[in-house]
Amino acid sequence: MDQDQSAQVVVELQGCSARDADAVLTALAGAFGTDRAASDTPSETPGERPTVWSATFDTSDRRGRTSPVRIDAALDLTAQGGYHAVTDLQEALDEVYAVEVLGSASGDQEKEIQLRLTPA
């Protein structure tokens, strides 16, 4: 991945199945470079603790359109990174899912947004 920190976005998914987490991460990997290997598939962990899946995407490494990978249910996603990078990632998600902004926080050089994705 490119070393331009302002182009990197850390994505965290929660409140969803491993299959839906994999769908979203795969969709984003169709659009941007990522630290996630293609063989890295989310899996459920036993127990009652919440599971969070994460990956880092490099929005300066644009690979094409976001892959339309279906999700079965709504899920929450948090994205944190440079202002333009977070906006680019949100726009990529808008291409394949219904996206609702649940909240956001802005700092000096970074932005964090909480999104709810639902099947389009």
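All of the numbers you see were taken from the coordinates with simple rules; none came from a lab. Here the structure is a predicted model, which means the values were calculated and not measured. Here the Cβ is made from the backbone with ideal geometry for all residues, glycine too, and neighbour counts use every protein chain on show.
Is the shape of segment 55-120 rounded, prolate or oblate, going by the alpha carbon gyration tensor and its root eigenvalues a ≥ b ≥ c, with a/c under 1.5 for rounded and a/b larger than b/c for prolate? Don't skip to the end; give the middle numbers.
On the way: a/c = 2.42, a/b = 1.26, b/c = 1.91.
Verdict is oblate for segment 55-120.
In degrees, nearest 10, range 0 to 90: what is the angle between the Cα axis of helix 18-29 and the longest Cα principal axis of the chain?
Computed tilt is about 20 degrees.
Sum -39500 (n - 2.57) across every DSSP H segment of at least 4 residues in the chain, then divide by the residue count to get the 222 nm mean residue ellipticity, nearest 500.
Here the helix-only value at 222 nm equals -6000 deg cm²/dmol.
When Cα extents along the principal axes in Å is calculated directly from the model, which label among (i) 55, 37, 20; (ii) 46, 40, 21; (iii) 37, 29, 27 fits?
(iii)
Can you put Asp61, Asp72, Asp88 in order of Cβ neighbours within 10 angstrom, beginning with the fewest?
Working: Asp61 15, Asp72 11, Asp88 20.
So the residues, fewest neighbours to most, are Asp72, Asp61, Asp88.
Compute the acute angle (0 to 90°) between the alpha-carbon long axis of helix 83-94 and the principal axis of greatest extent of the alpha-carbon atoms of the chain; round to the nearest 10°.
Relative to the chain, helix 83-94 is tipped by roughly 40 degrees.
What does the extension gain come out to for Leu102 and Ser67, with contour length at 0.36 nm per residue minus their alpha carbon separation?
10.3 nm
Let me know the charge dipole size of the chain about its Cα centre in debye, to the nearest 20, where only the beta-carbon of Lys, Arg (+1) and Asp, Glu (-1) is charged. Each step should come with its number before you reach the end.
On the way: 9 positive and 21 negative charges, 59 e Å.
In debye, rounded to 20, the chain gives about 280.
Rank these for me by crowding, Val52, Val99, Val11, going from fewest to most other beta carbons within 10 Å.
Least crowded to most crowded, the residues run Val52, Val99, Val11.
Could you list Ser17, Ser60 in order of exposure, starting from the residue whose Cβ has the fewest other Cβ atoms within 10 Å? Before the final figure, lay out each step's value.
Values: Ser17 15, Ser60 18.
With the fewest neighbours first, Ser17, Ser60 line up as Ser17, Ser60.
With a cut-off of 8 Å between alpha carbons and a minimum separation of six or more residues, what is the relative contact order of the chain in percent?
On the way: 259 pairs, mean separation 38.8, N = 120.
Once normalised by length, the contact order is 32 percent.
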